[in-house]
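See structure below.
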Amino acid sequence: MKILLINPNRYRTPPVPPLALEYLAGALDGSPHGCRILDLCFADDPVGELDREINAFKPDIAGFTIRNIDTVIYHNNVFFLDDIKSLVSHVREKDIPVVLGGAGFSFVPEGILGYAGAEWGVYGPGERALPALLDRYEQGDIPPHGTILDGWEYGIDTSHRRRHDAVDYGRYFGNRGLAGFETQKGCFGACSYCPEGNRHVMFKNPSGVVEEISELTARGITSFHLCDTEFNQDLAHCKAFLEALIASNTGITWVLYMKTSPYDDDLFRLLRKSGAQLVTLSVPTGDDSLDHAETVCRLARKYGLRLAVDFLCGFPGETAETVRAALERLRGMAPDTVGVNSYFRLIPKLAVTSQILSSPDHGHYLLGEVENNPDMIRPVFYNSITMDMLKELVGDDPLFRIEGFERTSNYERLRG
């Protein structure tokens, strides 16, 4: 079997290399199936490039990775699925069946599969699930239309090597992008507002991750963005990876996301020694999260790490005064920057979504079509702390930045 792995993500502020496809291609290299990666990020004519690759490779199946449904932020929101749906339809018109996957797909797998009109999907990790799907297809055991394989049940094989040769990293670096790597898949958390927390985590072998990074540094790539959901799922694994990275003496610089716990002093010491430069801390409103954030800020300062805070506020039941108090606490912590967002992108089955929709007055705070959009594929936002209220709360303090008006990442804002 031959599969064409396609990156349809053409959002370029900044552009993100299709790391998932590199890992999938590496897994398929250990199987009897052939694959190629088609990266459409910088394509001027995506359909034309797709046709040329199909004609040259003649794949039996096409696989699309969906990194995001939309930009998640309410202001200046960009919706991606219509363009992806058009490409999927174009491929299927050539009698090539399509399988979907990726982090964005896994947020609403059934809804996205139906919206895009593809045959099958893979929820979660695909390194073993996708080869298993190809095995079935080749043996004539073709899954019924609409089948979604659960990649968490198949797991991952850390012996599979990432394929580096199909992505033009120079093009990404020239347009503000960074290379990526991951040390794990999943998140132990189950935050009410987050579609990535599913209580599943699969850890990668630290020495294998460092070997992967070393192969990239040998090609002159030295700046990285960690692609874990949140780095600090398990302190023992974090430290094992950091110690292996330090021992390798790769000389990389890298940036990462963390949640407010767990952590300790030694974690931040090792982060600094490993070349980490910026930690973005995800902080929802709440005294417990803010208590942890205060300690994390102190540790980051102690070890010379820059710290950005992504602050989500305006949960059901919150008021302008509770948000004001939280912002005052963050101001006192003095991180390098605080991005503030009070618009919740609703995803089905999340606890906060159920709470909002069960409230008799939820309609006052919803932005977007709900009745004819049951899977919330098209963006629906909840907002009880309005933009005018948020501007008044933030004032003219340059520490705070209201999200949605500036299309840059934290690592770009705090570079240098």
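Given the DSSP H assignment, sum -39500 (n - 2.57) over each helix run of at least 4 residues in the chain and divide by its residue total; what's the result at 222 nm in deg cm²/dmol, nearest 500?
Dividing the helical sum by the residues of the chain leaves -10500 deg cm²/dmol.
Length gain on complete extension for the stretch ARG331 to THR295, per 0.36 nm per residue less the alpha carbon to alpha carbon distance?
So the chain would gain 11.6 nm between ARG331 and THR295.
Which ³J(HN,Hα) values in Hz, rounded to whole numbers, follow from the phi angles of the stretch 366-377 under the Karplus curve 6.51 cos²θ - 1.76 cosθ + 1.60, where θ = phi - 60° and Gly and Pro get x?
Rounded to whole hertz, the list is 8, 10, x, 6, 10, 4, 9, 9, x, 8, 6, 5.
Show me the ranking of peptides 20-29, 192-201, 316-325 by mean Cβ neighbours inside 10 Å, starting with the highest.
20-29, 192-201, 316-325
Based on the Cβ-Cβ distance from ASN205 to THR386, what FRET efficiency comes out when R0 is 51 Å, to the nearest 0.05? Intermediate results must be reported in sequence, preceding the final value.
On the way: r = 48 Å, r/R0 = 0.94.
Working from the Cβ atoms, E equals 0.60.
Residues in the stretch 87-109, backbone N under 13 Å from the label point at ARG136 (7 Å along the Cα-to-beta-carbon vector): list them, ranges by number please.
99-100
How far apart, in nm, are the 7 Å Cα→Cβ label points at THR158 and SER248?
Spacing of the two 7 Å Cα→Cβ label points: 1.3 nm.
Would you mind getting me the FRET efficiency between SER358 and ASP51? Use the beta-carbon distance for r and R0 = 60 Å, nearest 0.05.
Once rounded, the FRET efficiency stands at 0.80.
Run the quick spin-label model on ASP44 and ALA236: label points 7 Å from Cα toward the beta carbon, then report their separation in nm to one decimal.
It works out to 5.5 nm between the two label points.
Between the stretch 149-212 and the stretch 285-326, what is the separation of their alpha carbon centroids in Å?
For the stretch 149-212 versus the stretch 285-326, the Cα centre distance is 27 Å.
Take LEU366 and ARG10, extend 7 Å from each Cα along the Cα→Cβ direction, and tell me the distance between the two endpoints in nm.
Once both label points are built, they end up 3.2 nm from each other.
Leaving out same-chain residues fewer than 8 places away, which lysines sit with a Cα under 23 Å from that of LYS273?
Those lysines meeting the cut-off are LYS204, LYS239, LYS259, LYS302.
Listing THR13, THR353, THR65 from the residue with the fewest other Cβ atoms within 10 Å to the one with the most, what is the order?
THR13, THR353, THR65
Please report the net charge: other residues with Cβ closer than 11 Å to the Cβ of ILE6, K and R +1, D and E -1.
-2
Extension gain SER214-SER86, at 0.36 nm per residue separation less the Cα-Cα distance, in nm?
Values: separation 128, 0.36 × 128 = 46.08 nm, distance 3.83 nm.
In short, 42.2 nm is gained.
At a Cα cut-off below 28 Å, give the lysines reachable from LYS94, other chains included and same-chain residues fewer than 8 away excluded.
Within the straight-line cut-off, LYS94 pairs with LYS2, LYS58, LYS85.
Of the DSSP beta bridges with both residues in the stretch 2-154, give the percent that are antiparallel, rounding to the nearest 5. Present the calculation step by step, with values, prior to reporting the outcome.
Values: 1 of 20 bridges.
Roughly 5 percent of the DSSP beta bridges within the stretch 2-154 come out antiparallel.
Can you tell me what share of the DSSP beta bridges in the chain is antiparallel? A percent to the nearest 5 is fine. Don't jump to the answer; show the numbers that get you there.
Working: 9 of 55 bridges.
Taking every DSSP beta bridge with both residues in the chain, the antiparallel ones total about 15 percent.
Computed from the coordinates by the stated procedures, all read-outs in this text should not be read as laboratory data. A quick note: this is a predicted structure, and the numbers were derived from the prediction, not measured. Please note: Cβ atoms are built from the backbone with ideal geometry, for glycine as well, and neighbour counts cover all protein chains shown.
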